[in-house]
Amino acid sequence: MHELPVTEGILRIAIEHAQKAGASRITDIHLVIGDLAGFVDDSIQFYFDILTPGTLAEGAKLHFHRVATRLRCWECGHEFSPQERDWTCPQCGATGGEVLAGKEFYVESIEIE
Amino acid sequence: MERKQIPVVERILSANDRVAADNRARLQGHGITTVNIMSSPGAGKTTLLLATIRALGGTCRIGVIEGDVASQVDADKIAQAGVPVVQINTGGGCHLDATMVQQALEALPLDEIQLLFIENVGNLICPAGFDLGQDYNVALLSVPEGHDKPYKYPGMFEFVDLVLATKTDLMPYMDFDLAEFRRLVQGLNPRAPVIPLSARTGEGMEAWLEWLRAAVKGK
């Protein structure tokens with residue numbers, strides 16, 4: 001359910017930029033999704049296939065570029081990628097940190113003809 | 001046909017985020033503290049709000065936005081408690097978004113409200129992903145749901161400002177390990193305090209009310 005409005009957002013962004021560039025069709029859409037963003041590739045693909053017929057993006061290929069979570073420890077400043085959801089700093093053993101990467105969720109580029 | 005690549009770099013939720021920023025500016029302009037309440041269905045959000053209105057209603061002007069997939073039952077209960085309330089029905093949607101809240105704000109007497117609760121749709125997944133324009137996020141997890149939920153639904157616990165363990169009156173009948181729950185929440189989000197409470201018996205309510213008073217004052 002959640003991915004439907006999100007996929008509509010992706011399509012809106014891609015079509016706006018394609019129209020601005022005078023494209024006749026969109027062949028590829030590159031998405032960047034952080035592991036903390038909470039969006040499922042397969043589900044976005046599912047809604048994309050339903051929404052695109054008859055639009056500039058019909059038949060376009062979605063590319064998902066995943067970004068791993070990266071934290072900066074609040075205690076010692078060490079930067080680390082947590083294993084699963086255990087946010088324990090491997091250097092000092094404190095929990096949690098500032099999120100440096102992992103929440104990304106954007107359209108990086110499109111390819112058009 | 002010539003093929004070319006166009007850089008875009010546009011946040012997919014940018015449309016929602018723009019409306020959320022408008023909501024935030026509007027609410028702050030009225031001096032309103034806004035708290036987004038999230039949990040699974042049945043964790044006790046409405047019961048907590050009713051108890052909160054009873055406890056604070058005399059000292060703080062409260063308003064409520066009720067989000068549900070369907071029905072008006074929660075809004076009716078809140079209205080009976082004597083505070084302004086708007087019901088949003090998402091018609092199948094699993095979370096509130098900023099536009100729904102924007103519309104709800106039109107129907108509320110904003111000049112008469114100091115503390116606005118947004119009761120999100122009961123769901124431990126999607127509500128965490130959408131900014132509404134709130135100041136604070138609060139997650140409820142009820143004792144019958146089990147202490148392991150932060151690991152199963154991390155998105156809900158990672159970035160909230162406060163976690164309430166609700167229905168603590170059921171502790172004697174459940175295998176809910178409060179210390180383990182605290183440890184799991186802390187592992188994801190060491191900045192969010194965990195307050196155990198029962199809106200039914202009143203146990204632990206004072207700590208929640210204290211947090212709310214500080215949130216309103218801190219604005």
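The values are calculated or read from the model by the stated rules, or taken from the named source; none is laboratory data. All values derive from a computational prediction rather than experimental measurement. Every residue, glycine as well, gets a Cβ built from its backbone with ideal geometry; the counts of neighbours run over all protein chains shown. These area figures cover heavy atoms from the full protein model, side chains too; ligands, DNA and RNA do not enter into them. Shrake-Rupley method; radii C 1.70, N 1.55, O 1.52, S 1.80 Å.
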Unique residue being touching a Gly at 6+ places or on another chain (Cβ under 7 Å), at negative phi and among the acidic types (D, E) when the list is A:D86, A:D41: A:D86
Residue, most open to solvent (accessible area, probe 1.4 Å), within the stretch A:8-21, restricted to residues that are modelled with pLDDT of 95 or more and more than 9 Å from every other protein chain (Cβ to nearest Cβ): A:Q19
Some residue of the stretch B:25-36 being part of a helix (DSSP H, G or I), out of contact with any strand residue (DSSP E or B) (no Cβ under 9 Å at 6 or more places or on another chain), more than 14 Å from chain A (Cβ to nearest Cβ) and under 30 Å from A:G34 (Cα atoms): yes
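When only residues in the stretch B:82-107 that are part of a loop (DSSP other than H, G, I, E, B) and among the small types (G, A, S) count, which is least open to solvent (accessible area, probe 1.4 Å)? Can you show your working first?
Here is the first cut: in the stretch B:82-107, the ones part of a loop (DSSP other than H, G, I, E, B) are B:82-84, B:90-97, B:107.
Of the ones still in play, those that are also among the small types (G, A, S) are B:82, B:91-93, B:107.
Numbers: B:G82: 64, B:G91: 71, B:G92: 35, B:G93: 16, B:A107: 68 Å².
Checked the stretch B:82-107; the qualifying residue least open to solvent (accessible area, probe 1.4 Å) is B:G93.
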Index of the failed condition, A:G54 passing every other in (1) of a type outside the set (S, T, N, Q); (2) assigned to a loop (DSSP other than H, G, I, E, B); (3) surrounded by 14 or more Cβ atoms within 10 Å (Cβ to Cβ); (4) modelled with pLDDT of 95 or more: (3)
Filter result (away from every other protein chain (no Cβ under 14 Å), crowded, with 19+ Cβ neighbours inside 10 Å and touching a helix residue (DSSP H, G or I) at 6+ places or on another chain (Cβ under 6 Å)) within the stretch B:169-194: B:F176
Scan of the stretch B:108-154 for residues that are within 14 Å of chain A (Cβ to nearest Cβ), of a type in the set (F, W, Y) and either part of a loop (DSSP other than H, G, I, E, B) or surrounded by 22 or more Cβ atoms within 10 Å (Cβ to Cβ) (or both), ordered by number: B:F130, B:Y153
Residues located in the stretch A:61-105, provided they are away from chain B (no Cβ under 12 Å), under 30 Å from A:E8 (Cβ atoms) and either assigned to a loop (DSSP other than H, G, I, E, B) or not hydrophobic (A, V, I, L, M, F, W, C) (or both): A:K61, A:H65, A:R66, A:A68, A:R70
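Can A:E108 be described as open to solvent by 60 Å² or more (accessible area, probe 1.4 Å), farther than 23 Å from B:R183 by Cα and within 9 Å of another protein chain (Cβ to nearest Cβ)?
On the way: open to solvent by 60 Å² or more (accessible area, probe 1.4 Å): yes; farther than 23 Å from B:R183 by Cα: yes; within 9 Å of another protein chain (Cβ to nearest Cβ): yes.
Spelling it out, A:E108 is indeed open to solvent by 60 Å² or more (accessible area, probe 1.4 Å), farther than 23 Å from B:R183 by Cα and within 9 Å of another protein chain (Cβ to nearest Cβ).
If the requirement is being free of Cβ contacts under 8 Å to residues at least 40 places away in the same chain, assigned to a helix (DSSP H, G or I) and within 14 Å of another protein chain (Cβ to nearest Cβ), which of these qualifies: B:A75, B:A79, B:A15?
Details: B:A75 fails: within 14 Å of another protein chain (Cβ to nearest Cβ); B:A79 fails: within 14 Å of another protein chain (Cβ to nearest Cβ).
Being free of Cβ contacts under 8 Å to residues at least 40 places away in the same chain, assigned to a helix (DSSP H, G or I) and within 14 Å of another protein chain (Cβ to nearest Cβ) holds for just one of B:A75, B:A79, B:A15, which is B:A15.
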Unmet requirement for B:M100, which otherwise passes all of (1) within 14 Å of B:N16 (Cβ to Cβ); (2) in contact with a helix residue (DSSP H, G or I) (Cβ under 8 Å, 6 or more places away or on another chain); (3) without any contact (Cβ under 8 Å) to a residue 40 or more places away in the chain: (2)
Lone qualifier among A:S43, A:S81 - being over 24 Å from B:Q5 (Cα atoms) and surrounded by fewer than 15 Cβ atoms within 10 Å (Cβ to Cβ): A:S81
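Can you pull out the residues in the stretch A:34-56 that are more than 9 Å from chain B (Cβ to nearest Cβ) and of a type in the set (A, V, I, L, M)? Walk me through how you get there before you give the answer.
Just the residues of the stretch A:34-56 that are more than 9 Å from chain B (Cβ to nearest Cβ), to begin with: A:34-35, A:40-56.
If the condition is that a residue be more than 9 Å from chain B (Cβ to nearest Cβ) and of a type in the set (A, V, I, L, M), then A:V40, A:I44, A:I50, A:L51, A:L56 are the ones that fit.
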